[in-house]
1. With respect to the numbered conditions (1) more than 14 Å from chain B (Cβ to nearest Cβ); (2) touching a residue at least 40 places away in the same chain (Cβ under 8 Å), which one is the sole condition not fulfilled by A:E4?
2. Looking only at helices (runs of 4 or more DSSP H) that fall completely inside the stretch A:23-111, which ones have 3 or more residues that are over 17 Å from B:Y95 (Cβ atoms) and not acidic (D, E)?
3. Determine the pairs where a residue that is in contact (Cβ under 8 Å) with a residue 12 or more places away in the chain, located within the stretch A:61-87, has a partner that is surrounded by 13 or more Cβ atoms within 10 Å (Cβ to Cβ) and not in a helix (DSSP H, G or I) with Cβ atoms under 7 Å apart, the partner being 6 or more residues away or on another chain.
4. Residue by residue through the stretch B:166-205, note down the ones that are under 14 Å from B:Q138 (Cα atoms) and of a type in the set (A, V, I, L, M, F, W, C).
5. So, in the stretch B:238-288, of the ones that are in contact with a Phe, Trp or Tyr (Cβ under 8 Å, 6 or more places away or on another chain) and within 14 Å of B:V219 (Cα to Cα), which residue ends up surrounded by the most Cβ atoms within 10 Å (Cβ to Cβ)?
6. Just to check your reading of the model, which residue among B:G100, B:G89 is closer than 17 Å to A:L80 by Cα, within 14 Å of another protein chain (Cβ to nearest Cβ) and modelled with pLDDT of 80 or more?
7. Looking at A:R24, A:R20, which one is under 30 Å from B:E69 (Cα atoms), away from chain B (no Cβ under 13 Å), out of contact with any strand residue (DSSP E or B) (no Cβ under 9 Å at 6 or more places or on another chain) and not β-branched (V, I, T)?
8. Just one of A:A41, A:A86, A:A31 is out of contact with any strand residue (DSSP E or B) (no Cβ under 9 Å at 6 or more places or on another chain) and either at the interface with chain B (Cβ under 8 Å from one of its Cβ atoms) or modelled with pLDDT under 85 (or both); which is it?
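The values are calculated or read from the model by the stated rules, or taken from the named source; none is laboratory data. Bear in mind that the values here come from a model prediction, so they are computed numbers and not experimental data. Cβ placement follows ideal geometry from the backbone for every residue including glycine, while neighbour counts extend to all protein chains displayed.
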Amino acid sequence: MLTERDIVSRVQHVTVTRLRVWVRQGWIRPAAKEVQGFSEADMARAALIRDLEDKLGFDEDQVPVLLNLIDQIHGLRAELKTMLDALDDLPEEVRATVKMRITKRKPKSRR
Amino acid sequence: MADDLYSTLGVARTAKAEDIVKAYRKLAKKLHPDLNPGDKAAEDKFKQVTAAYDILGDAEKRRRYDAGEIDASGQERPQQRYYREYAGGEDGARYRSTAGYEDLGGFSDLFGDLFGRGGGARGGAGGQRFAMRGQDAQYRLEIDFLEAVNGAKKRITLPDGGTLDVTIPAGVDEGQVMRLKGKGMPGVGGAEPGDALVEILVKPHPVFKREGDDIVVEVPITFDEAVLGGKVEVPTITGKVFATVPPGTNTGKTLRLKGRGIKRKNGKLGDELVKLTVVMPDRIDDDLKAFAEEWRDKHRYDPRRKLREQA
């Protein structure tokens with residue numbers, strides 16, 4: 001588990017004040033609830049928020065919108081991966097059939 | 001910690017290698033601890049300048065510093081681990097959201113409910129998945145006495161217009177509650193539905209009464225049947241039978257008809273208890289009056305002797 005200090009010292013330009021604001025906003029939800037303990041993912045998320053605000057120049061009220069969309073994309077990706085993993089377990093001819101059906105349904109305009 | 005090595009040495013970022021050497025030597029000469037005994041500040045400054053030169057004076061290290069791969073102290077600067085590297089993994093699962101596509105359920109009958117909050121192998125929406133068994137639903141069902149005794153199929157009409165088919169097993173008793181698994185309220189989040197609890201109410205029967213697994217019937221008999229005995233037609237739950245009334249039967253005499261009662265769970269049958277009541281004719285005619293008077297004079301008997309003695 002990482003502490004506030006760990007995050008601040010490892011993620012440049014993140015101060016304790018900034019980090020606490022992000023946690024209070026719910027943008028970062030420390031992996032360990034009781035003692036505030038951050039995980040590697042929490043730290044990477046802090047770096048992401050910093051980049052959004054500092055490098056990319058988004059306002060504070062735009063950040064939650066972006067985070068929400070990013071979280072949804074990762075949620076969707078995880079579900080998609082689960083589905084593809086499940087499809088991979090199917091017999092060869094079933095997979096071929098599925099692939100054919102999907103290809104047929106894909107909009108022509110794509111790509 | 002030195003902020004920027006170039007400013008520490010007082011050179012431009014674009015300085016040539018020989019300019020860096022020159023700048024360093026000039027500073028070093030001024031700051032070297034041996035040339036400045038007792039000057040702590042100079043020593044510190046010297047260390048900073050030397051550290052800066054250690055990096056900027058070395059072509060490879062300078063390149064890495066410029067590229068941000070190492071920091072001003074020469075430490076490997078950890079490359080930023082981007083959030084996307086974690087987002088797909090276990091650690092990132094807390095943040096993944098599936099809240100936005102619950103409507104996928106409308107796209108596929110079979111697979112739709114796999115996604116979103118309801119299903120899915122892994123939790124979305126902050127890892128919170130909510131599932132709760134449906135509530136039990138309570139119903140009351142009034143059935144006829146013979147339906148309770150013999151079993152029946154009944155249909156309950158629910159408040160929402162739906163129906164519930166209930167198979168009443170033979171021998172069900174008043175107040176008994178039947179549990180119909182999964183017929184209650186639907187579960188939430190893929191959990192199983194609740195049960196329907198049907199409490200059985202049994203309408204009283206004009207003739208039959210129930211005592212445990214036995215059926216009790218009151219059967220009136222005539223004066224002459226009481227005296228002479230004979231076969232008497234008796235109703236049972238499975239139809240009429242003839243019971244034998246012994247000669248000299250009094251009111252209150254009970255006949256037990258084996259196996260004419262209610263079917264027990266173990267397959268055995270209860271009995272029917274026939275309570276006999278001697279009933280005089282509606283009108284006592286002269287014949288009967290004359291016979292009773294004549295009979296009384298010759299056959300006096302005392303049914304109340306015990307009563308007198310014990311009172």
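1. Among (1) more than 14 Å from chain B (Cβ to nearest Cβ); (2) touching a residue at least 40 places away in the same chain (Cβ under 8 Å), A:E4 violates only (2).
2. On the way: elements: A:40-50, A:63-88, A:92-105.
Once the helices (runs of 4 or more DSSP H) in the stretch A:23-111 are filtered for at least 3 residues that are over 17 Å from B:Y95 (Cβ atoms) and not acidic (D, E), what remains is A:63-88, A:92-105.
3. From the stretch A:61-87, the pairs are A:V63/A:W27; A:P64/A:W27; A:L66/A:F58; A:L67/A:W27.
4. B:V166, B:V177, B:M178, B:L180, B:M185, B:A196, B:L197, B:V198, B:I200, B:L201
5. B:V278
6. Details: B:G100 fails: modelled with pLDDT of 80 or more.
Unique residue meeting the criteria: B:G89.
7. Values: A:R24 fails: under 30 Å from B:E69 (Cα atoms).
Selected residue: A:R20, the only one of A:R24, A:R20 that is under 30 Å from B:E69 (Cα atoms), away from chain B (no Cβ under 13 Å), out of contact with any strand residue (DSSP E or B) (no Cβ under 9 Å at 6 or more places or on another chain) and not β-branched (V, I, T).
8. Working: A:A86 fails: either at the interface with chain B (Cβ under 8 Å from one of its Cβ atoms) or modelled with pLDDT under 85 (or both); A:A31 fails: out of contact with any strand residue (DSSP E or B) (no Cβ under 9 Å at 6 or more places or on another chain).
Result of the check over A:A41, A:A86, A:A31: A:A41.
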